[in-house]
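What follows is a short report on a single structure.
The values are calculated or read from the model by the stated rules, or taken from the named source; none is laboratory data. From a predicted model like this one, the values you see are computed outputs, not experimental measurements. As a convention, Cβ positions derive from the backbone with ideal geometry for all residues, glycine included, and neighbour counts pool all protein chains shown.
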Amino acid sequence: MLGRRTFPILDRVEQYSNREGKIDYDEKWTAWAIAAIVSLVLASGASAHVTVWPKEVPKGSYEVFTVRVPSETKGTETVKVELRIPDGYQAGRIQPVPGWSYSLERDANDRITSIVWEAEGKGLADTEFIEFKINGKVADDAVELVWKAYQTYADGSVVEWVGAPDADKPASVTAVVDGAPQADGHGAAPSGAADADKDHAADEAQTAAGGKPDTATLVLSIAALVVAIAALISALARRRRV
């Protein structure tokens with residue numbers, strides 16, 4: 001969630017009125033429009049997603065996947081998380097997390113198809129996040145793993161992280177590539193474990209603070225700011241000529 005933002009460009013437009021003391025309302029509303037665009041663009045990148053790490057694993061490998069869940073909604077807490085296990089991954093073990101219980105759903109072949117974690121206490125506040133870990137084997141013929149997740153809050157609302165990569169609520173996706181498996185699942189470190197730690201350690205602080213904008217969001221934000229600065233410079237130059 002974003003806090004209250006201020007826009008210096010608006011203050012400058014108010015300050016530099018013309019000699020009669022009247023504000024140029026065309027300039028003022030242009031500034032307001034630019035500021036609104038910047039605010040919306042930044043807000044669109046501030047949503048922290050439920051993600052599964054690592055983002056790339058070899059075919060046929062034994063992997064420990066980390067499910068990272070940030071809580072976002074003010075005034076309520078995350079109390080339940082359901083993760084659908086994608087075809088192409090055979091989940092075998094779940095790491096216990098203090099303060100959270102879990103239950104498993106299985107199909108007719110006894111394959112784990114869903115894991116549901118539930119808070120035993122109040123749950124996660126909007127400034128907190130949690131990580132769950134699962135261990136299992138990636139199929140030899142897997143191409144990608146699409147992790148659909150459902151995040152339930154104490155107020156009864158449910159956020160469905162099931163969309164396409166460019167959706168507002170995307171499902172996390174892990175690419176499966178050719179490569180020799182590096183572990184047998186009986187105690188050796190899985191091939192993606194170290195990569196997962198490296199990939200999301202730097203991202204952890206930003207997630208806890210409310211997420212980070214993607215590349216497209218940053219580009220749009222910079223472009224909007226450049227336009228805003230150019231508009232201000234143009235307005236000031238016109239006033240000096242008056």
Original post:
Taking segment 103-126 as the search range and keeping residues that are of a type in the set (Asp, Glu) and assigned to a strand (DSSP E or B), which one is farthest from Thr51 (Cα to Cα)?
Top reply: Glu105
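Please pick out the residue among Ser114, Ser172, Ser101 that is more than 28 Å from Pro58 (Cα to Cα) and either out of contact with any Gly (no Cβ under 6 Å at 6 or more places or on another chain) or assigned by TED's automatic domain parsing to the domain that holds Val57 (or both). Full working, then the answer.
Numbers: Ser114 fails: more than 28 Å from Pro58 (Cα to Cα); Ser172 fails: more than 28 Å from Pro58 (Cα to Cα).
The conditions single out Ser101.
Please determine whether any residue of segment 108-119 is within 26 Å of Glu144 (Cα to Cα), in contact with a strand residue (DSSP E or B) (Cβ under 9 Å, 6 or more places away or on another chain) and of a type in the set (Asp, Glu). Please lay out each step first, then the result.
Narrowing segment 108-119 to residues within 26 Å of Glu144 (Cα to Cα): 108-117.
Restricting the remaining residues to those that are in contact with a strand residue (DSSP E or B) (Cβ under 9 Å, 6 or more places away or on another chain) gives 111-117.
With of a type in the set (Asp, Glu) added as a condition, the list becomes none.
Checked against the condition, which is being within 26 Å of Glu144 (Cα to Cα), in contact with a strand residue (DSSP E or B) (Cβ under 9 Å, 6 or more places away or on another chain) and of a type in the set (Asp, Glu), segment 108-119 yields no hits at all.
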Original post:
Failed condition for Trp100, given (1) buried (at least 17 other Cβ atoms within 10 Å of the Cβ); (2) closer than 15 Å to Val52 by Cα, with all others met?
Top reply: (2)
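For Glu118, indicate whether it is closer than 16 Å to Val64 by Cα, free of Cβ contacts under 8 Å to residues at least 60 places away in the same chain and of a type in the set (Asp, Glu).
The answer is no for Glu118.
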Original post:
Taking the condition under 16 Å from Thr51 (Cβ atoms), within 20 Å of the chain's Cα centre (by Cα) and exposed (fewer than 15 other Cβ atoms within 10 Å of the Cβ), does Glu72 pass?
Top reply: no
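When the residues of segment 47-63 are narrowed to those that are touching a helix residue (DSSP H, G or I) at 6+ places or on another chain (Cβ under 7 Å) and assigned to a loop (DSSP other than H, G, I, E, B), which ends up modelled with the lowest pLDDT? Talk me through it step by step, then tell me what you get.
Step one: filter segment 47-63 for residues touching a helix residue (DSSP H, G or I) at 6+ places or on another chain (Cβ under 7 Å), giving 48, 53-55.
Still in the running and assigned to a loop (DSSP other than H, G, I, E, B): 48, 54-55.
Working: Ala48: 78, Pro54: 98, Lys55: 97.
Among them, the one singled out is Ala48.
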